[in-house]
Amino acid sequence: MKALSINNLHKSYKNLKAVDGVNFEMEEGDFFGFLGPNGAGKTTTINCIVGLANFSHGDIKVFGKDVKADYREARKFIGLAPQEYNFDPYLKIADVLIYQAGYYGIKKKDAMPKVNELLKQFRLEAKGDVDYRKLSGGMKRRLALARALVHNPKLLILDEPTAGVDVELRLELHNYLRKINKEGVTILLTSHYIEEVEKLCNKVAIIHKGKLIANDHTSKLMEKLDSGHTEITIDKKIKPKKIEFVEFNENKIIIWNHGKDKLKDVFKYIQLQNRTIVDVKAVKDSLQDIFLRLTK
Amino acid sequence: MNLIGLLTMVKRENLRTIKIINQVIWPPIISSLLYIFIFGFSLGANFEVGDVSYLVFLVPGLIMMNIIMTSYEESSSSLFLGKFINYIQELLISPLSYIEIVLGFLFGSILRSAVLSSLIFIVFKIFIEVSIYSYLLYVFFLFFVSLFFACVGLIVALWAEEFDNLAILNTFFITPLLFFGGVFHSIKLLPEIFQKLSLMNPLFYMIDGFRYSILGESDFNVIYSVLIVFVLAVLAFFYAVYLFKKGYKLKS
C-alpha cells in the first residue's frame, strides 16, 4: 500500500500559485527527501497533507485514506514535527506528550510507557516537570520529534527537524530516524541540509516554484542528472577559450560531463598554449550541486 | 467519536483555568460581593422589587452577569491564544472532528462558568437568605447561556487578528446589553418605551429567565426566555462548527 499519494495538488494564495499540480507517491517504508528553496511549496504541501491548509484541486491519500473525506482516519497515521515550535504554554514537558496522545485517543495509562520511552530516548527525562520555555533550542527540537512520535504514527513528517541543531545532536537524530525507518516508519523529510537528505533518504523529490521538477530514487536521480566534471589543473594561468561545457578559471579547467567529447579539444588547446598538466581528477556531483543546478 | 480526545481537551481547558485562577475565579467572586455590599446592603437595604428585597433580587442578575462574562472570556482567550502561539495546530492535525474540537472548548467554558456561578452562589448564601426555585431551569439557563456565549467567544476569537479585538464585543456590546438587560433592575420600573426596547435585548431573556429559576418571579413569561435562549445557543453552536470546518482564519 502507498503510504502517501498526492495527485494533481493545487494550492493558491490569492494570485500566487504555491503548489501547482504536484504529484508524488511514497511507498510504505520509504525515507523520502522533499527538497526545495525557501518558498518553493514544501511546507504548503505538508500543510495540505496534515490538514493545516485547504487546497482547491487534487487529492491526497495517506495509507489509502483521503485527507479530506476521511480526515480523522488519515490523521491517525500521521505524526508531524513542524518547523516552528508550537507547544501548549500551559503544559509541562511530560504533559505535552501525554496530552498529545490523548488527542489521538490514547488514555494516559496506555500512553505512559511510550512517553517514558521517548523522554529517555531524547534525553528529556530530567525535564519532564519543566516548562517548555525553559528548554534549549536542541531540547525543543527533540521534544517536537517526541511529540510527533507519541501516538506511534506510520507516516512521520519532519519539516526541517535539524534546523538550528548542533552537529552531535544532528547525528544522533539521524541514527534514531534510520532506526525507526528500519522498524517500519515511513518518513517524509524536508531539510536545508541537502547532505542530510542525500545520506538518509532512499527517494528524493525537488519542488521549485510550486512544481515538482525531480522525483526519483536518490541514487537514480544523481545518476540521471549527473553533471559531474573533470577538473584539470595546469602549471600556469591560461587564457580562457570559448568551448561548450568547458570553464576556465585561472589555472583550472572544468569540463562538465555533458561535454566529455570536448576533452580532446581542451588538451589540444593546453598544448597550444604551452601549459603543462599538473593534475587531472574526476569530480562527482553531490545532491546539493544537482539541487542548486535544478533550482537556479 | 474520539471521547478520550474530547476529554483531554476539556481537561486541558480546566488546567488552564487552574493556572490562571487569580485572574478568572477570585476577581469575579470579590466583585460580586462588592456589588452586594454596596448596592444591596447599603443603597438597596430598604428597597423591594416585587415580593423580594433588592438584595435578593440582585443575586440572579450578578450570577448571570458572571456566567456570560466568564464563558465568553474563557473560550475567546483560549482559542485566540491557541492561534497566536500556534498550538491550535496540535488539535487541527489530530483525529478530533471539528465538532469535537468545538465541544472541547465549549465544555471548558461551561465548566468554568458552572464552577464560578456555584462558588458565587455559595458565597452569597453566607450573607443572604436565598434558595433555588427551579433546579431544572437553573441548570438549563446556566448551560445554554454559557453555551451561547462560549460559541460567541469562539467566533470572535476566529475573527480576531489581535488580542485587542477580543475586547470589542465585551466593551461595546456585552457590557451595555448586560446593564440594560436587567442585572440591577426590573424592566417594570422603566418607562414603557424602555420596557419595549429591553425586550429587543437578548440578554434580558437570559437574566430574566435565570432570575425566575432562583426567585420564581420574572418580568416576562419564562417559556419565551427558554425558547429564545435555546434557539440562540443552537444557532451559535452550528455557526461555530461551520467556521471550524471551513478553517476560517485557522487554515491557510
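Output the residues belonging to the stretch A:261-278 that are surrounded by fewer than 10 Cβ atoms within 10 Å (Cβ to Cβ) and of a type in the set (D, E, K, R).
A:LYS264
Only one residue in B:ILE18, B:ILE85, B:ILE68 is at pLDDT below 95 and more than 22 Å from A:GLY51 (Cα to Cα), so which one is that?
Exactly one of B:ILE18, B:ILE85, B:ILE68 is at pLDDT below 95 and more than 22 Å from A:GLY51 (Cα to Cα), namely B:ILE18.
Which one of these is more than 8 Å from chain B (Cβ to nearest Cβ) and assigned to a strand (DSSP E or B): A:PHE34, A:PHE55?
Sole residue among the options that is more than 8 Å from chain B (Cβ to nearest Cβ) and assigned to a strand (DSSP E or B): A:PHE34.
Considering (1) surrounded by 13 or more Cβ atoms within 10 Å (Cβ to Cβ); (2) in contact (Cβ under 8 Å) with a residue 24 or more places away in the chain; (3) away from chain A (no Cβ under 14 Å), say which one B:ASP51 fails and leave the rest.
So the condition that B:ASP51 fails would be (1).
Select from the stretch A:96-112 the residues that are in contact with a Lys or Arg (Cβ under 9 Å, 6 or more places away or on another chain) and either more than 8 Å from chain B (Cβ to nearest Cβ) or in contact (Cβ under 8 Å) with a residue 60 or more places away in the chain (or both) and list them in ascending order.
Selection gives A:VAL96, A:LEU97, A:ILE98, A:ALA101.
So which residues in the stretch B:7-22 are of a type in the set (A, V, I, L, M), closer than 16 Å to A:VAL96 by Cα and more than 9 Å from every other protein chain (Cβ to nearest Cβ), if there are any at all?
Within the stretch B:7-22, B:VAL10 is the sole residue that qualifies.
Got a number for residues in the stretch B:32-83 being of a type in the set (Val, Ile, Thr) and part of a strand (DSSP E or B)?
2
Could you please find all residues in the stretch A:158-168 being without any contact (Cβ under 8 Å) to a residue 60 or more places away in the chain and over 11 Å from A:LEU145 (Cβ atoms)?
The answer is A:GLY164, A:ASP166, A:VAL167, A:GLU168.
How many residues does the stretch A:94-116 hold that are buried (at least 20 other Cβ atoms within 10 Å of the Cβ) and not in a helix (DSSP H, G or I)?
Here the count works out to 3.
Looking at this structure, is A:ASN215 at pLDDT 75 or above, assigned to a helix (DSSP H, G or I) and not small (Gly, Ala, Ser)?
no
Does A:LYS140 satisfy being free of Cβ contacts under 8 Å to residues at least 60 places away in the same chain, away from chain B (no Cβ under 11 Å) and within 19 Å of B:ILE93 (Cβ to Cβ)?
Yes.
Pairs please, first residue from the stretch B:160-178 and touching a residue at least 60 places away in the same chain (Cβ under 8 Å), second anywhere and among the small types (Gly, Ala, Ser) and assigned to a loop (DSSP other than H, G, I, E, B), Cβ atoms under 8 Å, 6+ apart in sequence or on different chains.
B:LEU166/B:ALA160
How many residues, within the stretch B:1-31, are of a type in the set (A, V, I, L, M, F, W, C) and not in a helix (DSSP H, G or I)?
3
Go through the stretch B:67-86 and report how many residues are surrounded by fewer than 23 Cβ atoms within 10 Å (Cβ to Cβ), within 28 Å of B:LEU203 (Cα to Cα) and within 13 Å of another protein chain (Cβ to nearest Cβ).
2
Do we have A:GLY128 as surrounded by 19 or more Cβ atoms within 10 Å (Cβ to Cβ), assigned by TED's automatic domain parsing to the domain that holds A:ASN8 and not basic (Lys, Arg) here?
Judged against the criteria, A:GLY128 is not a match.
Does A:LYS14 count as more than 11 Å from chain B (Cβ to nearest Cβ) and farther than 21 Å from A:ILE207 by Cβ?
no
Quick check on A:LEU177: is it in contact (Cβ under 8 Å) with a residue 60 or more places away in the chain and part of a strand (DSSP E or B)?
Judged against the criteria, A:LEU177 is not a match.
Among A:LEU91, A:LEU119, which is buried (at least 19 other Cβ atoms within 10 Å of the Cβ) and more than 10 Å from chain B (Cβ to nearest Cβ)?
Exactly one residue qualifies, and that residue is A:LEU119.
Just need a number here: residues in the stretch B:113-134 that are assigned to a helix (DSSP H, G or I) and in contact (Cβ under 8 Å) with a residue 24 or more places away in the chain.
Residues in the stretch B:113-134 being assigned to a helix (DSSP H, G or I) and in contact (Cβ under 8 Å) with a residue 24 or more places away in the chain: 11 in total.
Could you check how many residues of the stretch A:122-136 are part of a helix (DSSP H, G or I) and either more than 14 Å from every other protein chain (Cβ to nearest Cβ) or in contact with a helix residue (DSSP H, G or I) (Cβ under 7 Å, 6 or more places away or on another chain) (or both)?
Residues flagged as part of a helix (DSSP H, G or I) and either more than 14 Å from every other protein chain (Cβ to nearest Cβ) or in contact with a helix residue (DSSP H, G or I) (Cβ under 7 Å, 6 or more places away or on another chain) (or both) within the stretch A:122-136 amount to 5.
List the number of the failed condition for B:GLN89; all other conditions in (1) in contact with a Ser or Thr (Cβ under 9 Å, 6 or more places away or on another chain); (2) within 8 Å of chain A (Cβ to nearest Cβ); (3) among the polar types (S, T, N, Q) hold.
(1)
For residues that are surrounded by fewer than 23 Cβ atoms within 10 Å (Cβ to Cβ) and at the interface with chain A (Cβ under 7 Å from one of its Cβ atoms), scanning just the stretch B:94-110, find the one that is nearest to B:ALA233 (Cα to Cα).
In this case the residue turns out to be B:SER97.
The values are calculated or read from the model by the stated rules, or taken from the named source; none is laboratory data. If you're wondering where the values come from, they're calculated on a predicted model, not measured in any experiment. As a convention, Cβ positions derive from the backbone with ideal geometry for all residues, glycine included, and neighbour counts pool all protein chains shown.
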